[in-house]
Structures are given as structure tokens and as C-alpha cells.
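Trainee: My structure is below; once you've seen it, I'll send some questions.
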Amino acid sequence: MSASGGSKAIVAAFLANLGIALAKFVAWALSGSASMLAEAIHSVADSGNQLLLMLGGRKAKREADRSHPFGYGRERYVYAFVVSIILFSVGGLFAIYEGVDKLTNPHELDRTWWWLPLVVLVVAIGLESFSLRTAVRESNIVREKGQSWVSFVRRSKAPELPVVLLEDVGALTGLTFALLGVGLTLITGNPLFDALGTVMIGVLLVLIAIVLGVETKSLLVGEGATQADYDRIVDAINAGDEIEKIIHMKTLYLGPDELMVAAKIALNSDKPLRETAADIDAIEARIREAVPVARVVYIEPDVYRPAIDPQPSTDVFVLKSSD
């Protein structure tokens, strides 16, 4: 995902959610609808999410230093994790609490402004649809051909677009719940529908928090290249006649746009050092051409010894690197 692409989706979502939140608070104050209050908190949480994602993107651009030699790319994962766990969870739990309170202590809506919540919800659905359309368009730029949306959310190394996509889908679903709850309450006069809509919104937010928490946790722990990129790297290494065999290889995302590749390869033991260095340079160039995000490449040349080498977990990749 390009930084500009993710930023467009985040800014669009932020502006939409900020305006929607203000309108929902007005509608709640005038109508007393618990669903409107839950949706207002939902939009505030979403707006905070976008601010945190933008902050994480700025911090991730800092140059590498002695204390962080591989840079700050994972800052984006940290802020996405904060978004998923804290803001969604807090918003979801608050909505559930508000809904349960209204179920146990129901009160009728103020019918003086009965039309206002419906108008706000319909307008909010339009704005959220625009935000979702922007996120889908930006995601399609980086989504692999034929890749499902579920796979994209689960496998994407850049957390911003999956977060915004789930936010927008969750927001549209929550708005539908609120529209049903408020509409049925106005039609029947029974406030329980409004309370049930609020509970459903809260459960939805908690479920989104769980999904995002699981996915961003995996990125924080450290994920390697996708199978497709892994295969491209292997093909790039084997494309030349420099090596006899890939003894083993490891990959790790240092950030959404920076992949580290560490490979131990078997070379001809009779080659002089100058030729070996030239071979390694050629292999690194092919890897970066095949997978542009492979910006940090470590190649360790060795002689293949079948009885000794098949233990990749004990190797240290330190021989040669270049950016």
C-alpha cells in the first residue's frame, strides 16, 4: 500500500466520521435515542481511530538510528493495535452498557423531533458509503488479482486500509441497526427496539475489535513474506547460475513497506572472493527487482553440507547487506 493511498482513505473516513458524530450527538440530545448515542460514540471512536492511524504513519517515517537500526516502520502496527483494542472495545462496551440500561429502564423517545434521527441516519449512511467507496478503491490498487476481501484483510501488511475497511463496513452495519431500532420504536412506540439496536451496535464493535486485534497482533509479533512473494524471491535467487542451492531462507516484515530477506546459499567453493561478492550483488538486484519491498537483503554464502546445514533456526545472517 502506498502511503498516499492509505492517507486518502484515512482522511476521507476522518472527515466523514467527524461530521457524522456531530450530527448524531445533536439528534440524540433532541430525541433521547439510545441508538443515536451509541452511534455518536461509534463515530467519535472512528474519528479517533483515523487520527491515531495518521499519527502512526508519521512516526513510522522516522529514519533508522542506533537504538532502532531497522527503522520505525512497525509504529504503524502499534497504533493500529491501539485502535482495535482500546477505541473499538471502549466504544463497543459503552454501547452495550447503554443498551442494557435502556432495556432495564426503558423510556420513550421525544417525538417532537422524531424525524431528525432518521434524517441523520440516512445522511450518515450516504457519507459512510462514500468513505467505504474510497477505501475500496484505494485497496484495489494494492489488492492482488483474484484475492478475496477476507484474505486481503487477513494478509495485508499495511494495517491502515484493513482497519478503515472494517470501520466503514461496521459503521454501515451499525447505522442499519440504529435505523431499524429507531424506526421500529417510532412506528410501534415500544422503546425496546431502540435499546436492542444499541446492544447490537455494541456487539458489532466488540467483534470488529477482536478481528482487528488478532490481525494486528500477528503483524506486531512479526510476519514473513506472503507465499507469492516468497516464491518470487526463491525464483529470483535461482534465476542465475551463481548458486548450487538455497540452503535456507527467512523473511520478515520490518514495516508495511519494508521486507527483510536473509538467505544462506551454497556457492562454488573454488570461486575467489571478488567473484563471490559480484554474485551476491547480482542475486540481491534480482530479489529487489522481483519484490520491490525487499529493501534489506542479507546473503550468506556457504558450501552445502547436507549432514550439517538443515538447521535454519541456529543460523545468524551477518555476512553481507546493502540497501
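The values are calculated or read from the model by the stated rules, or taken from the named source; none is laboratory data. This structure is a prediction, so every number in the text was calculated from the model and none was measured. FYI the Cβ positions are ideal-geometry reconstructions off the backbone, even for glycines, and counts take in every protein chain you see.
Trainee: If you check VAL142 against the conditions, is it in the same structural domain as LEU186 (by TED's automatic domain parsing), without any contact (Cβ under 8 Å) to a residue 40 or more places away in the chain and surrounded by 13 or more Cβ atoms within 10 Å (Cβ to Cβ)?
Mentor: Spelling it out, it is not the case that VAL142 is in the same structural domain as LEU186 (by TED's automatic domain parsing), without any contact (Cβ under 8 Å) to a residue 40 or more places away in the chain and surrounded by 13 or more Cβ atoms within 10 Å (Cβ to Cβ).
Trainee: Any chance the stretch 183-191 includes a residue that's closer than 20 Å to VAL44 by Cβ, in the same structural domain as LEU55 (by TED's automatic domain parsing) and buried (at least 23 other Cβ atoms within 10 Å of the Cβ)?
Mentor: The answer is no; no qualifying residue exists.
Trainee: Name the residue, out of THR251, THR276, that is out of contact with any Ser or Thr (no Cβ under 7 Å at 6 or more places or on another chain), assigned to a strand (DSSP E or B) and not aliphatic (A, V, I, L, M).
Mentor: Unique residue meeting the criteria: THR251.
Trainee: Continuing with this model, one more query. Tell me which residues, restricted to the stretch 49-73, are buried (at least 19 other Cβ atoms within 10 Å of the Cβ), in a helix (DSSP H, G or I) and not hydrophobic (A, V, I, L, M, F, W, C).
Mentor: Result: ASN49, GLN50, GLY56, GLY57.
Trainee: Does any residue in the stretch 244-257 that is within 23 Å of LYS157 (Cα to Cα) and not assigned by TED's automatic domain parsing to the domain that holds ARG154 come within less than 6 Å, Cβ to Cβ, of a residue that is at pLDDT 85 or above and β-branched (Val, Ile, Thr) six or more places away or on a different chain, and which pairs are these?
Mentor: If the second residue must be at pLDDT 85 or above and β-branched (Val, Ile, Thr), the pairs left are THR251/VAL261; ASP257/VAL293.
Trainee: Quick one: in the stretch 192-220, of everything that is more than 14 Å from PHE177 (Cβ to Cβ) and polar (S, T, N, Q), which residue is surrounded by the most Cβ atoms within 10 Å (Cβ to Cβ)?
Mentor: Step by step, filter the stretch 192-220, then rank; the result is THR216.
Trainee: Considering only residues that are over 14 Å from ASP229 (Cα atoms) and of a type in the set (Phe, Trp, Tyr), look in the stretch 253-310 and name the one that is modelled with the highest pLDDT.
Mentor: Only one residue tops the list, namely TYR298.
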